[in-house]
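Below is one structure; the comments refer to it alone.
Nothing in this text is a laboratory measurement; each read-out follows from the coordinates by a stated rule. Remember, it's a predicted structure, so these values are computed and weren't measured experimentally. A quick note on method: Cβ atoms are made from the backbone with ideal geometry, for glycine too, and the neighbour counts reach across all protein chains shown.
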Amino acid sequence: MNNERVKGVLYAAKKPTEAQEDKLIEFLVSRYGEGTELEWVEDASVKEGFRLEVGNNVYDWTNEGRLSQFKDMIVNAIGKKTSDNIIPLIRENIKDWTPNTAPTEYGVVTSIGDGIATVSGLRSATYGEILLFSEGIRGMVLDLREDEIGCILFDDTDEISEGSRVKRTGRSAGVPVGNDFLGRVINPLGLPIDGKGDIETEDYRAIESPAPGIIERQPVNRPMETGILCIDSMFPIGRGQRELIIGDRQTGKTAIALDTIVNQKGKDVICIYVAIGQKASLISQMVTNLKKHGAMEYTVIVNASASDSAPIQYIAPYSGCSLAEFFMHQGRDVLIVYDDLSKHAIAYRSLSLLLDRSPGREAYPGDVFYLHSRLLERAAHLSDELGGGSITALPIVETQAGDVAAYIPTNIISITDGQIFLESELFFEGQRPAVNVGLSVSRVGGDAQTKAMKKSSGSLRLDLAQYREMEVFTQFSSDLDEATQKQLTYGHGLMYILRQAQYKPYSQHQQVILLTVALNKYFMDVPVKNIQGEIARLLEHFEIAHSDICSKIDSTGLISDDDKQIIMKYALEFKGQN
């Protein structure tokens, strides 16, 4: 209610009667205060009803306007219900439905370009709200100013021009979700792009939602096994954890994430892979590999490729996280990979600069930390009262020349619960995965390991640290005593044991057996070129001849000192036979 003089413009085919005019003025006075005027403009296109415009507010009581309101009611009803109760719900809403008298707020495009539209007139628009342009194109409010707003556009912008009308929807940006998304490739708007037809949705979730609070969480204490020996033994990942995978380009970051996805087969874990700025050919190859290993049936790929616009790349990880939250609130465990957040930050920087925001360090806007913290904080292990589901996040960040002290890497390192650092030098030496044991860390630690894994990994990390230190020392000396030479041989052998081919994850009992024999120096007298072959033969021998101990480790997650001695006994017997 205000005291300013307001003028309402009535568009109708016929001039209203005196009684109708009095009712309209009475309505305007109730909404906008005394002194409101009414002007009739003849509009032959309005066949039935009328359209009343007051500034940027439009009360559309034409047939088309009432039909639009009715369609919105149906869309909102369907968006929250499953297919088996849609018809009764629609019948119920039709019976009681009457057009509302709330105005629709319209604005006008003042400038357009590079996926950004500047709109004036929408004074009540909120951050993150979806706007609908007269051409049917959708956009999202990303910048609020005193007299205008900045809007990012999700569709082709060629049809929009200066002067185009924009309507508020009152809804925040969201994505459809449902169980039928499993096994599919979708874009960040939730639309299938794999050519397999439409996806039946069950709900509609906002892409931005608050992270669970402290009371809603419980400790991270269940392992999310990657099947990668060096990670599960030294940098264990728990369900609900956020573990960063960081390294230079082409050092095997995506390979670790894909191996982890493949290793979830049969473990009742939903996997979501969010590709940001990747080549379409790489995604196609990835889908083929996941299908080959039977992993696609429990995986969803959200793809914002390099050819997509910056707004689409910006919302991709939030859309993927909303889909993950849908499964988490069903009590399921979810693994989500963001590949990669460096490209996500670059897309956001582009949008921010186009929106005339002040650039900061490395030209990123001041809120770039919040960009990723509000995303990664949504990973959690929910309390039992909320179903006990979890989201485990594996964000990937690309460094330049190994510089982990750059802006985006340091930001995300400070948000996550540890990092797996991949080193180019190790990669080129043939160490795959090229994990730098000294710079990598998991802040959850042994809490996310089974007792068998914790007991068998023992002094592995300490032994590798001593080996690295001694290796550096030997560069300055050619004469080595026998003890030092043995320590170097042992450490060199451990590095070879940690080498692992892609898509060949180890099961828990394989890792436990391998660590037990390795730390008891089983491979000391095996030439390094023969170590991988010896590992394969030894594990196959245990699978065939000693399946009972393998089953015991997998089912209980425990190993006793006696079990370790038995494993060594069987291993040495096998070695003696060869």
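Taking only the Cα atoms of the range 222-449, how large is their convex hull per residue, in Å³?
119 Å³
Give, in nm to one decimal, the length gained when the segment between residue 267 and residue 561 is fully stretched (0.36 nm per residue of separation minus the Cα-Cα distance).
103.1 nm
Using the Karplus equation 6.51 cos²θ - 1.76 cosθ + 1.60 (θ = phi - 60°), what ³J(HN,Hα) coupling, rounded to whole Hz, does each residue of the range 425-440 give in order, writing x for Gly and Pro?
Using θ = phi - 60°, the values come out as 4, 5, 4, 6, 7, x, 7, 10, x, 8, 7, 7, 5, x, 8, 7 Hz.
By count of other Cβ within 10 Å, fewest leading, how are 254, 484 ordered?
484, 254
Pairs 552/575; 451/552; 253/504; 504/552; 291/504: which are spaced more than 19 Å apart, C-alpha to C-alpha?
552/575; 504/552
Taking every DSSP beta bridge that has both residues in the chain, what percent is antiparallel when rounded to the nearest 5?
55 percent
How would you rank 509, 492, going from fewest to most other Cβ atoms within 10 Å of each one's own Cβ? Before the final figure, lay out the partial values.
Values: 509 23, 492 15.
So the ranking, lowest neighbour count to highest, is 492, 509.
Hey, can you rank 278-291, 333-346 by average C-beta count inside 10 Å, highest first? Present the calculation step by step, with values, prior to reporting the outcome.
Numbers: 278-291: 15.3, 333-346: 25.1.
Output ranking for 278-291, 333-346: 333-346, 278-291.
How charged is the neighbourhood of residue 196? Take every other residue with its Cβ under 11 Å from the Cβ of residue 196, and add Lys/Arg as +1 and Asp/Glu as -1.
Neighbour charge sum, excluding residue 196 itself: -2.
Show which lysines lie in cross-link reach of residue 14 when reach means a straight Cα distance below 24 angstrom and same-chain residues fewer than eight apart are skipped.
Within reach: 23, 47.
What does the charge count around residue 320 come to, taking other residues whose C-beta lies under 12 Å from its C-beta (Lys +1, Arg +1, Asp -1, Glu -1)? Present the calculation step by step, with values, prior to reporting the outcome.
Details: positive: 205, 378; negative: 325, 339.
Counting the neighbours of residue 320, the net charge comes to 0.
Find how many whole Å separate the alpha carbon centroid of the range 414-466 from the alpha carbon centroid of the range 267-297.
25 Å
Can you bin every Cα-Cα distance in the range 284-365 into 10 Å intervals starting at zero and give me the percent of pairs per bin, rounded to whole numbers?
15, 36, 31, 14, 3
Starting from the Cα gyration tensor of the range 455-577, take the square roots of the eigenvalues, sort them a ≥ b ≥ c, and report rounded, prolate or oblate (rounded when a/c is under 1.5, otherwise prolate if a/b is larger than b/c, else oblate).
prolate
Under the Kirkwood approximation applied to all pairs of distinct alpha-carbon atoms, what is the hydrodynamic radius of the chain in Å?
27.5 Å
Roughly what percent of Cα-Cα pairs across the range 1-61 reach past 17 Å?
Beyond 17 Å sits 33 percent of the P(r) for the range 1-61.
If R₀ is 60 angstrom, what is the calculated FRET efficiency for the pair residue 329 and residue 479, using the beta carbon separation as r and rounding to 0.05?
Values: r = 64 Å, r/R0 = 1.07.
Efficiency, from the Cβ-Cβ distance: 0.40.
Return the whole-Å distance between the Cα centroid of the range 161-225 and the Cα centroid of the range 478-535.
45 Å
What length, rounded to one decimal in nm, is gained on full extension from residue 171 through to residue 127, with 0.36 nm per residue of separation minus their alpha-carbon distance?
Stretched out fully, the residue 171 to residue 127 stretch lengthens by 14.8 nm.
For residue 224, which sequence-distant residues (separation of 5 or more, or a different chain) have an amide H within less than 5 Å of its own amide H, given hydrogens modelled in the peptide plane?
Those qualifying (amide H under 5 Å, at least 5 residues apart or on another chain) are 237, 238, 239.
Count the net charge of all other residues whose Cβ sits under 12 Å from the Cβ of residue 422, scoring Lys and Arg as +1 and Asp and Glu as -1. Intermediate values should be presented prior to the final figure.
Values: positive: 249, 253, 432; negative: 248, 398, 423, 425.
The answer is -1.
Taking amide H positions as placed in the peptide plane 1.01 Å from N, state which residues far from residue 432 in sequence (5 or more) or on other chains have amide H under 5 Å from it.
Amide H to amide H, under 5 Å and 5 or more residues apart or across chains, residue 432 pairs with 500.
Among 229-241, 114-126, 134-146, how do they line up by average Cβ neighbours within 10 Å per residue, starting with the highest?
Top to bottom by mean Cβ count within 10 Å: 229-241, 114-126, 134-146.
If you average 1/r over every pair of different alpha-carbon atoms in the range 102-152 and take one over that average, what Kirkwood value in Å do you get?
About 10.9 Å for the range 102-152.
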